[in-house]
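The values are calculated or read from the model by the stated rules, or taken from the named source; none is laboratory data. Keep in mind that this is a model prediction, so the values were computed, not measured. Cβ atoms come from the backbone with ideal geometry, glycine included; neighbour counts cover every protein chain shown. To get the accessible areas, we keep the full protein, side chains included, count just its heavy atoms, and leave off ligands, DNA and RNA. Shrake-Rupley method; radii C 1.70, N 1.55, O 1.52, S 1.80 Å.
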Amino acid sequence: MSKSIQILNGPNLNMLGTREPEIYGSQTLADIEALCRQHAAPLGLEIDFRQSNSEGELVDWIQAAHQQFAAIILNAGAYTHTSIAILDALKACGVPVIEVHLSNIFQREGYRHQSYVSEAAKGVICGFGAQGYLLALDAAAEL
Ligand code: CA2
């Protein structure tokens, strides 16, 4: 039976490909989802790929991940730097979390250097653009 991985994307990531390609690349979120599906299949992984601009909806999905998913790959967008609610949900859900960012958040503004998600994450991948999601799938396959 193949294992299922939940890939969650936070606010504004639905806008990828429309602006700031020098920071986030030119691929859309749909392009990234297609790449993830292609990459996951030979690893024997199924994926559930979602995006929300709402903090509460992300918390709901994380709460529901318990006993459904082998891992969560999370790009929480700007909530990374602000959301104790997402951190609490991640800590409680009992599912290993891999944090992903398209950009290298440590090369950017100071307010992006802090991640609340990292406290609950098994590992963090940032700065590799869309490739970071694929690296996270490789890591999830090893968990
Ligand atoms: O680098 C990442 O993946 C981020 O999680 C992306 C977030 C940012 O707030 C984090 O600090 C780092 C923002 C995603 C917004 O993406 C847009 C793309 C195009 C147009 C508008 C927003």
In debye, nearest 20, what is the charge dipole magnitude of region 3-142 about its Cα centre with +1 on Lys and Arg Cβ and -1 on Asp and Glu Cβ, if you could check?
120 debye
Work out the charge dipole of the chain with +1 on the Cβ of Lys and Arg and -1 on the Cβ of Asp and Glu about the Cα centre, then indicate which of Ala76, Ile125, Ala64 is farthest towards its positive end.
Ile125
Per residue, what accessible area does the chain have, given a 1.4 Å probe and all protein chains present, in Å²?
50 Å²
Counting C-alpha atoms alone, how compact is region 3-142: give Rg to one decimal and Dmax as a whole number, in angstrom.
13.7, 39
Taking H placed 1.01 Å from N in the peptide plane, check which residues at least 5 places from Cys126 or on another chain put their amide H under 5 Å from its amide H.
His101
Separation in nanometres of the label points that stand 7 Å from Cα toward Cβ, at Asp31 and Ser118:
2.8 nm
Can you show me the helix-derived [θ] at 222 nm for the chain, built from DSSP H runs with n ≥ 4 at -39,500 (n - 2.57) apiece and divided by the number of residues, rounded to the nearest 500.
-9500 deg cm²/dmol
Mind telling me which of Gly110, Gly17, Gly77 comes out most flexible in a GNM of the chain, alpha-carbon contacts under 10 Å?
Gly110
Calculate the length of the line joining the C-alpha centroid of region 121-137 to that of region 11-70, in whole Å.
12 Å
With x for Gly and Pro, the residue-by-residue ³J(HN,Hα) of region 128-143, computed from phi through the Karplus equation 6.51 cos²θ - 1.76 cosθ + 1.60 at θ = phi - 60° and given in whole Hz, is 9, x, 4, 4, x, 5, 6, 4, 5, 5, 4, 5, 5, 5, 8, 5
